[in-house]
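Participant: Below you'll find the structure I mean.
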Amino acid sequence: MKSFLGMFKKSAMEFKSVKCIAFTGVLIAISMLIEMYSIDLEFFKINFAFLAIASIGMLFGPSVALFAGFAGDIVGFMVHPSGGFLPAYVLVAGLQGLIYGICLYRRNDSHSLVFVNNVTGKKTDITLYVRAIIARLLDIIIINLLINTKLNLHYGFIPEQAYTEAVITRIGKNVIELFADIPLLFVILPVVLMLFRKVSANERKTTSC
């Protein structure tokens with residue numbers, strides 16, 4: 001429990017870093033841009049804005065990702081308003097950031113998950129990939145299937161008589177989407193992490209000069 005609460009404290013300390021503010025700002029902007037070009041279908045929306053929020057969660061943890069979720073949703077509505085402003089969806093966006101931050105934030109793990117190639121003997125740390133799968137599954141189940149479906153029904157976006165059909169459609173859509181989302185996370189997260197480490201290394205070099 002101490003370790004879990006400590007993660008939030010450590011994440012909150014990230015706000016002191018200019019690098020955190022800069023990276024988070026850029027990723028929120030990317031998230032908003034992706035959101036603007038999302039595809040709206042009858043009972044659901046297709047977009048990949050979660051990749052930016054997942055990246056923030058991985059780099060800076062749950063406290064920053066929670067803020068990024070709130071900020072991205074509010075600023076996104078101001079820049080590109082569609083329909084009325086519904087505070088419940090702002091909370092949902094924050095919760096999404098929280099999920100990715102808790103699952104992906106770097107920790108000093110004593111038990112990393114390592115895959116060993118039986119042919120070459122090469123060891124690969126797969127901890128990030130396993131966490132990415134868990135995070136996306138939780139996001140889909142908690143946010144997409146449970147909370148958003150109920151909110152859409154509550155606000156009348158889904159007619160009551162079409163609720164069962166909407167749930168079945170959303171389950172099918174999310175299962176299909178999961179198979180696209182996981183490979184994207186596997187590609188994007190390591191790239192973002194590599195860029196972040198390069199920036200950090202250059203920053204240290206500049207400081208030492």
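Participant: Can you show me the helix-derived [θ] at 222 nm for the chain, built from DSSP H runs with n ≥ 4 at -39,500 (n - 2.57) apiece and divided by the number of residues, rounded to the nearest 500.
Facilitator: That calculation yields -23500 deg cm²/dmol at 222 nm.
Participant: Follow-up. Pop a pseudo-label 7 angstrom from the Cα along the beta-carbon direction at both Val75 and Ile142 and give the gap in nm to one decimal.
Facilitator: Calculated label separation equals 2.4 nm.
Participant: Continuing with this model, one more query. For Leu33 paired with Thr127, estimate the spin-label separation in nm (one decimal), with each label point 7 Å from Cα along the Cα-to-Cβ line.
Facilitator: Simple spin-label model gives 3.2 nm for this pair.
Participant: Further, regarding this structure: Pick from Asp125, Asp139, Asp181: which is most flexible by mean-square fluctuation in a GNM of the chain where alpha carbon atoms under 10 Å apart are linked?
Facilitator: Residue with maximal mean-square fluctuation among Asp125, Asp139, Asp181: Asp125.
Participant: Ranked highest first by average number of other Cβ atoms within 10 Å, how do 129-137, 166-174, 55-63 line up?
Facilitator: Per-residue mean Cβ counts within 10 Å order the peptides as 55-63, 129-137, 166-174.
Participant: Along each principal axis of its Cα atoms, how long is region 2-208 end to end? Whole angstroms, biggest number first, please.
Facilitator: Principal axes ranked by extent give 61, 44, 35 Å for the Cα atoms.
Computed from the coordinates by the stated procedures, all read-outs in this text should not be read as laboratory data. Note that the structure is predicted; figures quoted are calculated from it, not measured. Cβ: placed from backbone, ideal geometry, glycine included. Neighbour counts: every protein chain shown.
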